[in-house]
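The values are calculated or read from the model by the stated rules, or taken from the named source; none is laboratory data. Treat the numbers as computed from the prediction; the structure is a model and nothing was measured. Neighbour counts are summed over all protein chains in view; Cβ atoms, including those assigned to glycine, are modelled from backbone coordinates with ideal geometry. The protein model used for the area step is the full one, side chains on, heavy atoms only, and it has no ligands, DNA or RNA in it. Shrake-Rupley method; radii C 1.70, N 1.55, O 1.52, S 1.80 Å.
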Amino acid sequence: MTEPFRVAIAGLGTVGAGVVEILQSNAAQVAMRAGRPVEIVAVNARDKAKERGVDVSAYEWVDDAAGLAGVEADAVIELIGGSDGPAYDLVKAALAGGKHVVSANKALLAHHGTELATLAEGHGVSLNYEAAVAGGIPIIKAAREGLAGNKMSAVYGILNGTSNFILTKMRESGRDFDDVLKEAQDLGYAEADPTFDVDGVDAGHKICLLASIAFGVQPEFNKVRMRGIREVTSADINFAAEFGYRIKLLGIAKDRDGLINITVEPCLVPEATPLGTVENAYNAVVVKGDFVDTPLLTGLGAGRGPTASAVVADIIDLARGLHVPTFGIPAKALKKPDFIDPATIKQHYYLRLTVTDQPGVIADVSAILRDHDASIESMVQHGRDPGQPVSVVLVTHDVKRGDIEAACEEISKLKSCLEKPYLMRIEHQL
Ligand SMILES: NC(=O)c1ccc[n+]([C@@H]2O[C@H](COP(=O)([O-])OP(=O)(O)OC[C@H]3O[C@@H](n4cnc5c(N)ncnc54)[C@H](OP(=O)(O)O)[C@@H]3O)[C@@H](O)[C@H]2O)c1
């Protein structure tokens, strides 16, 4: 066999220890596929004394993460996390020093992708990040290589396993968000600070990267519109089921004749579609290509095994000598995206109102919707309790987002409207 491919690993937490484990236990398999042995030469984490469940005593310990950029290695594997700080400093230093980089860090790539891709190219090295999007699902490889012959018009999917787990448990048990979040935290599916997962930020990082690959644009994370699942109630889930839908937190990127829209939001998805049936902590991603139609990949999007598996696949590609530009095309060819005004996009909507049960309320709401070009496809109200709060749910035909939001604003000013109307997009065209 030829010379070993030498890697230096920064971060020995959930993913880093998983990578060490795979490289140790599947060493022969990895070497066969890579065409050469893959050798860990140095490691770094914060606490040298911490028990990690894997033996790292044979490798050089480097105290400072940035110091890994200076060791004799072919690639640096960044598994620290965070969009800035030590991860950013290390990746920049490694690329500038002519080392390939593998990272699982979606935040870093979403915030600094163009700069890092340019740096990698300028130094003739690769920046791979399969593990950063949907963990064990090889979606970066699929979009960047397998589907490269297509003009892609959309990429979308369930990109956050924690949110999908919570929505699934809410549906199955009838319990509300806070209660299920606590269970998810106890089971280790959600972090103590669940903000990134349940508020759509994590999915926002991922869809931002997928949009860059699909549409050949620079990642602009600050333009991604994000809304999470905190306001989804078990009542919404039941109402959605009555209409034949499941609620999913979707990352959606669409290219409409060169105008791009990237969002993360809870959406109603028809129950009988492939996305509608993806439950628990599973992820699923669809790419819409002009010749391939809509292939869907599904699997576990996080966790030690699936994520480390993706990191090792990236390492094997590098050891084989397979190099693909960070976002699939040369960094200088990445366009600055032009974004569509979201207010102009037409869509069906689900609208939940909490109103006083009294004569004339529905007539008032209907008049406001009519005045904003929104027509009602169906409406549900459960029970009657004159003078008391009651939930009324409406499903609209196609209406511009700007119009339905303006209508909601007006409805919220009605005396009979007791809570802010809650609006969710219905995605039929998935
Ligand atoms: N966990 C997943 O399922 C998953 C899935 C997809 C992508 N990712 C991404 O993978 C990356 C790592 O995630 P993780 O879950 O493995 O995180 P983690 O378990 O918290 O591990 C982070 C590691 O980085 C080390 N570290 C933290 N700050 C450091 C610093 N200033 N200098 C040096 N080392 C430092 C920690 O050292 P100590 O151990 O000594 O504290 C730890 O070993 C993140 O970018 C994450 O977004 C994770």
Residue under evaluation Ile315, criteria (1) touching a helix residue (DSSP H, G or I) at 6+ places or on another chain (Cβ under 7 Å); (2) among the β-branched types (Val, Ile, Thr); (3) within 16 Å of the ligand (Cβ to nearest atom), criterion not met: (1)
Complete set of residues in region 261-277 that are surrounded by fewer than 21 Cβ atoms within 10 Å (Cβ to Cβ), touching a strand residue (DSSP E or B) at 6+ places or on another chain (Cβ under 7 Å) and farther than 19 Å from Val198 by Cα: Pro270, Glu271, Pro274
Criterion (of a type in the set (Gly, Ala, Ser) and more than 16 Å from the ligand (Cβ to nearest atom)) met by exactly one of Ser25, Ser103, Ser83: Ser25
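Between Gly299, Gly305, Gly328, which is modelled with pLDDT of 95 or more, away from the ligand (no atom under 16 Å from the Cβ) and not β-branched (Val, Ile, Thr)?
Details: Gly299 fails: away from the ligand (no atom under 16 Å from the Cβ); Gly305 fails: away from the ligand (no atom under 16 Å from the Cβ).
Matching residue, one of Gly299, Gly305, Gly328: Gly328.
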So Val125, is it open to solvent by less than 30 Å² (accessible area, probe 1.4 Å), more than 13 Å from Ala331 (Cα to Cα), touching a strand residue (DSSP E or B) at 6+ places or on another chain (Cβ under 7 Å) and more than 10 Å from the ligand (Cβ to nearest atom): no
Checking Leu95 against (1) within 11 Å of the ligand (Cβ to nearest atom); (2) surrounded by 22 or more Cβ atoms within 10 Å (Cβ to Cβ), the condition it does not meet: (1)
Region 28-58 - residue that is of a type outside the set (A, V, I, L, M, F, W, C), open to solvent by 40 Å² or more (accessible area, probe 1.4 Å) and within 16 Å of the ligand (Cβ to nearest atom) and, of those, farthest from the chain's Cα centre (by Cα): Ser57
Counted residues, region 363-386 - those being of a type in the set (Gly, Ala, Ser), in a helix (DSSP H, G or I) and open to solvent by 50 Å² or more (accessible area, probe 1.4 Å): 1
Close pairs from region 46-59: first more than 17 Å from Ala8 (Cα to Cα) and assigned by TED's automatic domain parsing to the domain that holds Gly18, partner near the ligand (Cβ under 10 Å from one of its atoms) and open to solvent by less than 100 Å² (accessible area, probe 1.4 Å), Cβ under 9 Å, at least 6 apart: Lys50/Leu12; Gly53/Ala17
